[in-house]
Amino acid sequence: MTTFVDRVELHVAAGNGGHGCASVHREKFKPLGGPDGGNGGRGGDVILVVDQSVTTLLDYHHSPHRKATNGKPGEGGNRSGKDGGDLVLPVPDGTVVLDKKGEVLADLVGEGTTFVAAQGGRGGLGNAALASARRKAPGFALLGEPGSAGDVVLELKTVADVALVGFPSAGKSSLISVLSAAKPKIADYPFTTLVPNLGVVTAGSTVYTIADVPGLIPGASQGKGLGLEFLRHVERCSVLVHVLDTATLESERDPLSDLDQIEAELAEYGGLEDRPRLVVLNKVDIPDGKDLADIIRPELEARGYQIFEVSAVSRLGLKELSFALAGIVAEARAAKPKEEATRIVIRPKAVDDAGFTVVADEDGIYRVRGEKPERWVRQTDFNNDEAVGYLADRLNRLGVEDALLEAGARAGDGVAIGSDEDSVVFDWEPTMAAGAEMLGRRGEDHRMEAPRPAAQRRRDRADARDEAEQEFDEFKPF
């Protein structure tokens, strides 16, 4: 069973906001106590948080569906509903959050870094909060907003200073086991290492991390072997170390061709051209390995590589290698720009920004898009006439009616508020009056009882088409 997972698809859903409550205070000898419906609670968020104790995405591989809790509805007596609890998901340091299209949403590096993957819905206002001097006893409350939901892809890119790359069985795992306290699996067959191994190395006053990247063979950048799965773990490193086997038993291989093939795969993967390289000639404790190292060393030096002859068994050359890597890492850290505190940028809205747009589509429907109109529609109970009238009042005060007139809309034209998937479509009546003085009994609005000539005209046209089709069917030749 796998114990290391570095890429998962996570299905997240935030909590829904609780509905507001429509209630009237009732007490003996106080027949008109006034509205006392409480507000609904906010839905919980789904939050990703970097936790240094987490090293894999295995938990989300087994349980990819995660949902926060909903907010509680409001109650009478001005009792607001309880907010839903946020769902905090710990992720490893170096986790990249992407959408389904591959666009990067967040790069989570550093302990405690957070990202809200799904936003909880707002709670609906109760009728006590909706009361005003003109609407003293609202017979409705606002619904809670649904929480956002969607799919995100989590990719783990190991945060390491040094990456060991090379063919299987080149001795990378042995090397990391003697340079650090890491204890990877070591055996005398290829692909012993199936997951990246991390170790911490101390060289003088410099402490750095070193990673063993497994499975690099020719064609790794196209998916052969294990390289495509783990090449992403090289992206954050400061230096690449080519580990070359000078005592390989495969007659068709030699250290120089191994180096050329690994470099070709790194170039094919891309983005690593600026990283400094070192070459480690491993297994020089074997006589044949030492002889081969002496033969190829001039060629490697001619290419501009810094060469180290080491042996993980006899510990030969390890101290020099560790201090050389520490020097390169220290230089890379010093050259890295310092992170500045996040600046708070306030961008006020333009004076002429109405907060919504009106666009006529091909079907002749005028579509209203904007944060406020869409949120108000989601929070409206369309089974309550007074709530629908309140929505009309809010849209009118926002200026939607004036914008529709400027766009060329006429009485009876269809108006849609929201996106194509979940919009609300209604017949527009520009002469409709607005205001609380139009209210009748609680829960009613006389404007909703007004005749709808546009809808009647459409029904008449549909009936005429049906009659014409029936007459055609009766007189068409056999």
Quick check on my filter: what residues within the range 264-290 are open to solvent by 40 Å² or more (accessible area, probe 1.4 Å), out of contact with any Phe, Trp or Tyr (no Cβ under 9 Å at 6 or more places or on another chain) and among the charged types (D, E, K, R)? 268, 273, 274, 275, 283, 285, 288, 290
State all residues of the range 46-88 that are of a type in the set (D, E, K, R) and either free of Cβ contacts under 8 Å to residues at least 12 places away in the same chain or at positive phi (or both); if no residue qualifies, say none. 59
Looking at 33, 40, 17, which is the one that is without any contact (Cβ under 8 Å) to a residue 24 or more places away in the chain and of a type in the set (Gly, Ala, Ser)? 33
Filtering the range 304-339 down to residues that are of a type in the set (Lys, Arg) and either modelled with pLDDT of 90 or more or in a helix (DSSP H, G or I) (or both), which residue is nearest to residue 248 (Cα to Cα)? 319
Qualifying position, being open to solvent by 20 Å² or more (accessible area, probe 1.4 Å) and either among the β-branched types (Val, Ile, Thr) or under 25 Å from residue 271 (Cβ atoms) (or both), among 152, 116: 116
Restricting the search to the range 381-407, which residues are open to solvent by 40 Å² or more (accessible area, probe 1.4 Å), touching a residue at least 40 places away in the same chain (Cβ under 8 Å) and not charged (D, E, K, R)? 382, 398, 407
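For residue 326, state whether it is surrounded by 13 or more Cβ atoms within 10 Å (Cβ to Cβ) and within 45 Å of the chain's Cα centre (by Cα). Steps first, answer last, please.
Numbers: surrounded by 13 or more Cβ atoms within 10 Å (Cβ to Cβ): yes; within 45 Å of the chain's Cα centre (by Cα): yes.
Taking the combined requirement at face value, the residue satisfies it.
The values are calculated or read from the model by the stated rules, or taken from the named source; none is laboratory data. All figures in this text were calculated on a predicted structure; none of them were measured in a lab. Neighbour counts run over all protein chains shown; Cβ positions are idealised from the backbone, glycine included. Just the protein is used for accessible areas: all its heavy atoms, side chains included, with ligands, DNA and RNA removed. Shrake-Rupley method; radii C 1.70, N 1.55, O 1.52, S 1.80 Å.
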